[in-house]
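Asks: Let me begin by handing over the structure; questions about it come next.
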Amino acid sequence: MPEAVEIFEVGPRDGLQTEKRPIPTADKIALVDLLSRAGFRRIEVASFVSPRWVPQMADGAEVLAGIARAPGVGYAALTPNLRGYEGARAAGADEVAIFASASEGFSRANLNATIAESLARFAPVAAAARSDGVPVRGYVSCVTDCPFDGPTAPGDVARVVAALRDLGCHEVSLGDTIGRGTPEAVDAMLDAVSGEIEAAALAGHFHDTAGRALANIDVALARGLRVFDAAVGGLGGCPYAPGAAGNVATEAVLAHLEAAGFDTGLDAQVVAQAAALARGMRSG
Ligand code: HMG
Ligand code: MG
């Protein structure tokens with residue numbers, strides 16, 4: 001039996017959030033519905049963030065209300081604060097994510113808060129989710145490089161990972177937000193993080209600016225990670241990370257993992273259709 005690796009599809013959220021053109025809600029729903037047929041266990045479909053900060057994600061509740069939920073698929077959403085959590089919960093998100101940064105510069109740009117302030121803001125989100133029985137994912141951004149502060153020290157990542165673990169996150173996704181990480185830097189970061197949390201509770205989230213995402217996934221696989229975030233069509237970026245290019249493309253990760261003998265449980269044909277649909281939603 002080939003070993004399973006999960007691709008966590010973030011296209012409808014990370015892939016679309018930077019698009020300048022307002023994408024009709026119906027188009028987002030059509031993308032999620034197609035993705036629901038591809039075999040993903042989880043799809044990140046929305047962000048309950050300030051619509052002034054990320055206008056493209058303002059229709060998250062409508063997206064969650066409009067999709068045809070497939071059995072066995074969890075639909076996830078980003079929640080930066082309690083208000084976002086309440087919105088996500090009311091909309092029926094199956095999993096929520098709190099998202100911190102390993103660098104102060106990006107934390108300020110993305111959340112208007114220091115790392116410590118952001119973690120304090122996440123505490124009531126995690127507590128509410130725990131009492132509602134909603135699983136919480138944690139993100140750490142800028143795990144190797146920050147667009148504002150330069151290279152990130154591995155120990156800084158480990159500290160934020162530990163804080164998210166202590167808040168009860170069942171999984172922490174490690175984000176190379178601007179896609180500048182080298183395999184050596186990713187390995188050093190994972191070495192530091194492994195002192196705080198087991199590999200089974202980690203996910204890799206690589207943007208592909210420098211074309212090193214697949215090499216970085218290989219390093220993470222060797223360290224025991226078995227969950228990778230990706231976006232169909234390689235869409236994406238972060239509005240608050242200048243220079244952030246697309247997420248690594250789901251179809252590329254799928255082909256790479258299957259060639260290496262892993263089982264993703266995905267239907268490559270449906271993924272290819274979703275990638276074409278997603279690329280058609282890109283403005284430029
Ligand atoms: P703030 O301006 O410090 O906070 O923003 P605020 O409390 O003053 O709120 C500002 C406005 O937003 C107010 O409205 C609030 O009511 C409203 P106004 O009075 O100006 O009309 N507001 C909200 N509205 C809807 N839902 C909410 C909410 N909260 C406040 N939940 C805040 C602080 C956290 C809100 C803001 O910084 C924010 O929304 N940031 C999110 C930025 C974001 O979504 N970035 C992209 C996702 S992260 C990412 O892509 C990285 C990742 O992929 C991993 C990786 O690649 O590294 C995950
Ligand atoms: Mg990202």
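The values are calculated or read from the model by the stated rules, or taken from the named source; none is laboratory data. Every value quoted in this text rests on a predicted model; they were computed, and no experiment measured them. Positions of Cβ are backbone-derived with ideal geometry, glycine not excepted, and every protein chain shown enters the neighbour counts.
Asks: When you go through PRO24, PRO71, PRO55, PRO2 one by one, which is the residue that is surrounded by fewer than 24 Cβ atoms within 10 Å (Cβ to Cβ) and modelled with pLDDT under 95?
Replies: PRO2
Asks: Consider ASP145 against the criteria (1) within 16 Å of ligand 2 (Cβ to nearest atom); (2) of a type in the set (Asp, Glu); (3) under 23 Å from VAL45 (Cα atoms): it satisfies all of them except one. Which criterion is unmet?
Replies: With (1) within 16 Å of ligand 2 (Cβ to nearest atom); (2) of a type in the set (Asp, Glu); (3) under 23 Å from VAL45 (Cα atoms) applied to ASP145, the lone miss is (3).
Asks: Do we find a residue being more than 21 Å from GLU44 (Cα to Cα), in contact with a helix residue (DSSP H, G or I) (Cβ under 9 Å, 6 or more places away or on another chain), polar (S, T, N, Q) and free of Cβ contacts under 8 Å to residues at least 40 places away in the same chain anywhere in the stretch 180-187?
Replies: yes
Yes or no, residue by residue, for (1) out of contact with any strand residue (DSSP E or B) (no Cβ under 7 Å at 6 or more places or on another chain); (2) over 22 Å from GLU95 (Cβ atoms):
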| position | (1), (2) |
| --- | --- |
| GLU117 | yes, yes |
| GLY133 | yes, no |
| GLY155 | yes, yes |
| GLU171 | no, no |
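Asks: If you don't mind, there's one more thing I want to ask. Is it fair to say VAL270 is more than 18 Å from the chain's Cα centre (by Cα), over 30 Å from ASP149 (Cα atoms) and among the β-branched types (Val, Ile, Thr)?
Replies: Answer is yes for this residue.
Asks: So, VAL253, is that one at pLDDT 95 or above and farther than 12 Å from LEU214 by Cβ or not? If you could, list the steps in order and put the result at the bottom.
Replies: Details: at pLDDT 95 or above: yes; farther than 12 Å from LEU214 by Cβ: no.
So VAL253 fails the test.
Asks: Would you be able to tell me the number of residues in the stretch 223-277 that are of a type in the set (Asp, Glu) and in a helix (DSSP H, G or I)?
Replies: Residues of the stretch 223-277 that are of a type in the set (Asp, Glu), as a first pass: 229, 251, 258, 263, 267.
From what is left, the residues that are in a helix (DSSP H, G or I) are 251, 258.
Of the residues in the stretch 223-277, 2 are of a type in the set (Asp, Glu) and in a helix (DSSP H, G or I).
Asks: What's the number of the only condition in (1) more than 10 Å from ligand 1 (Cβ to nearest atom); (2) in contact (Cβ under 8 Å) with a residue 40 or more places away in the chain; (3) under 24 Å from ILE23 (Cα atoms); (4) of a type in the set (Gly, Ala, Ser) that GLY92 fails to meet?
Replies: Here GLY92 clears every test but (2).
Asks: A follow-up question, please. Do you know which residues across the stretch 11-42 are among the small types (Gly, Ala, Ser) and part of a loop (DSSP other than H, G, I, E, B)? Walk me through how you get there before you give the answer.
Replies: Filtering the stretch 11-42 down to residues among the small types (Gly, Ala, Ser) leaves 11, 15, 26, 30, 36, 38-39.
If the condition is that a residue be among the small types (Gly, Ala, Ser) and part of a loop (DSSP other than H, G, I, E, B), then ALA38, GLY39 are the ones that fit.
Asks: For the condition under 16 Å from the mean Cα position of the chain (by Cα), touching a residue at least 24 places away in the same chain (Cβ under 8 Å) and closer than 19 Å to GLY87 by Cα, what is the one hit in GLY15, GLY60? Break it down into steps so the answer makes sense when it comes.
Replies: Numbers: GLY15 fails: closer than 19 Å to GLY87 by Cα.
Among GLY15, GLY60, only GLY60 is under 16 Å from the mean Cα position of the chain (by Cα), touching a residue at least 24 places away in the same chain (Cβ under 8 Å) and closer than 19 Å to GLY87 by Cα.
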